[in-house]
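Below is one structure; the comments refer to it alone.
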Amino acid sequence: PSATIRGQILTGSKLATLGEDLWRLSSEGVQRAVVNQSDANSVIRFSRWSEVRQTLASNVISALALDSQSRLWAGTFRNGIDVLGPSGTPVAHVESESAREINSLVEDGMTKKMLAASSAGLLSFDASLGTKEHLSVANGLLGNSVMQVTQLDDGHVERSMLVLATSKGLSLGMQGKFRGVTTVQGLPSNSLYAVLDHGGKLYVGTLGGLAILQDGRVSRVLRDTNSKLTNNWVTALCAVGPRVFAGTYGGGLFELTASGELRPFLPEIGRAVVNPNALWSDGNRLYIGTLDGALMVDLNSQQLIRIRREMPARTVLSITGDERYVYFGTTAGIARIGHRYLSRD
């Protein structure tokens, strides 16, 4: 049926079709056309993904994660966690003294608990959104401010080991049995921002460079004095197959080669600021969140695409996704963009 667009200023906007959907691209982000079938003239209005910006406790989205139920967990810088259903409708809001300033989110693949790293320690939530555990200095962590966490396991839940990047060093172990790794044991800095378990090694992004650990001990440190790093502040880590990528604050993106050397990845990226939690891959493409939008790199062709106008704000703080969508957390809410749209010519 025919339809009309009413009451919406389209100056400076572009209209695009994808499948059966009509999209508006503007400085306000990406909006999908929604037809009001109850109206006699089938009026079209443009809507953001479920009008998410109106349902979040805060628009500053510091962390994103999808759980096994396809719910999107959005951690905010000051106001806890919002949990959204697949359609973008709010499911729950979690906020407390310990669950307020959220640094990162990751689901434990074995227990299906959501692990939330916060300025007050590490929290875990079960499928019913109840807090199951809160770990802090009182439980043996080096510091309460946890930037990121990963979980090592050998197939037995009771023996799984946590690795936490804190503001005072690396904590490894389980409740009541944590041990610390700091500058005393060889870390280049105690201020940690990212941790990655890959290929039997632990990669730790610090304020002073990239540390590589084997069997819980620092085996190598890469910094600007012994590698091609141009900025020692390593903010984000991501593995794609055998490849390891490291984002830095003001030095751009680097790849750790098979020979163990760090090299700048794509000169076009330049000295971009890669934000913590803003390095994610779907296996074929690498997404990088910066202070000036997001970058998408095809890892086969190495084609680089800049994603700016689709974002509600230029500063992209966090990225996650699934087989259908990529989610970008910004300082002005969340953008959900389909892979089909990003794959267009």
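The table below lists the values:
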quantity: From the options ARG243, ARG271, residue that is over 20 Å from THR330 (Cβ atoms) and out of contact with any strand residue (DSSP E or B) (no Cβ under 8 Å at 6 or more places or on another chain); calculated: ARG271
quantity: Unmet criterion (only one of (1) open to solvent by less than 40 Å² (accessible area, probe 1.4 Å); (2) assigned to a strand (DSSP E or B); (3) touching a residue at least 40 places away in the same chain (Cβ under 8 Å); (4) closer than 30 Å to GLU323 by Cβ) for LEU172; calculated: (4)
quantity: Tally, over the range 97-107, of residues that are open to solvent by less than 60 Å² (accessible area, probe 1.4 Å) and at pLDDT below 90; calculated: 1
quantity: Tally, over the range 321-345, of residues that are over 15 Å from GLY88 (Cα atoms) and either of a type outside the set (Ser, Thr, Tyr) or outside any loop (DSSP other than H, G, I, E, B) (or both); calculated: 9
quantity: Search result, residues across the range 89-127 that are small (Gly, Ala, Ser) and in contact with a His (Cβ under 7 Å, 6 or more places away or on another chain); calculated: SER98, GLY121
quantity: Residue check for ARG309: in contact with a Leu (Cβ under 8 Å, 6 or more places away or on another chain) and either open to solvent by 20 Å² or more (accessible area, probe 1.4 Å) or not in a loop (DSSP other than H, G, I, E, B) (or both); calculated: yes
quantity: Top-ranked residue of the range 85-95 - restricted to ones that are part of a loop (DSSP other than H, G, I, E, B) and modelled with pLDDT of 90 or more, ranked as surrounded by the fewest Cβ atoms within 10 Å (Cβ to Cβ); calculated: GLY85
quantity: Selection within the range 51-79 - open to solvent by less than 50 Å² (accessible area, probe 1.4 Å) and at pLDDT below 50; calculated: VAL52
quantity: Residue count for the range 270-289, restricted to those that are outside any loop (DSSP other than H, G, I, E, B) and open to solvent by 10 Å² or more (accessible area, probe 1.4 Å); calculated: 5
quantity: Residue, surrounded by the fewest Cβ atoms within 10 Å (Cβ to Cβ), within the range 292-306, restricted to residues that are hydrophobic (A, V, I, L, M, F, W, C) and part of a strand (DSSP E or B); calculated: ILE305
quantity: Meets criteria (of a type in the set (Ser, Thr, Tyr), modelled with pLDDT under 95, outside any strand (DSSP E or B) and open to solvent by 20 Å² or more (accessible area, probe 1.4 Å)) for SER259; calculated: yes
quantity: Scope the range 230-247; condition open to solvent by less than 10 Å² (accessible area, probe 1.4 Å) and either touching a Cys at 6+ places or on another chain (Cβ under 6 Å) or under 17 Å from LEU187 (Cβ atoms) (or both); matching residues; calculated: VAL234, THR235, PHE245, ALA246
quantity: Residue satisfying all of: in the range 214-223; open to solvent by less than 80 Å² (accessible area, probe 1.4 Å) and without any contact (Cβ under 8 Å) to a residue 40 or more places away in the chain; farthest from SER189 (Cα to Cα) among these; calculated: SER219
quantity: Members of the range 324-345 found to be within 24 Å of GLU107 (Cβ to Cβ) and either under 16 Å from the mean Cα position of the chain (by Cα) or at pLDDT 95 or above (or both), listed by number; calculated: TYR325, VAL326, TYR327, PHE328, GLY329, THR330, GLY333, ILE334, ALA335, ARG336, ILE337
quantity: Residue within the range 224-243 that is part of a strand (DSSP E or B) and among the basic types (Lys, Arg) present; calculated: yes
quantity: Lone qualifier among ASP82, ASP126 - being surrounded by 17 or more Cβ atoms within 10 Å (Cβ to Cβ) and without any contact (Cβ under 8 Å) to a residue 60 or more places away in the chain; calculated: ASP82
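The values are calculated or read from the model by the stated rules, or taken from the named source; none is laboratory data. The model shown is predicted, which means the values in this text are computed figures rather than measured ones. A quick note on method: Cβ atoms are made from the backbone with ideal geometry, for glycine too, and the neighbour counts reach across all protein chains shown. With ligands, DNA and RNA removed, areas are computed over all heavy atoms of the protein, side chains included. Shrake-Rupley method; radii C 1.70, N 1.55, O 1.52, S 1.80 Å.
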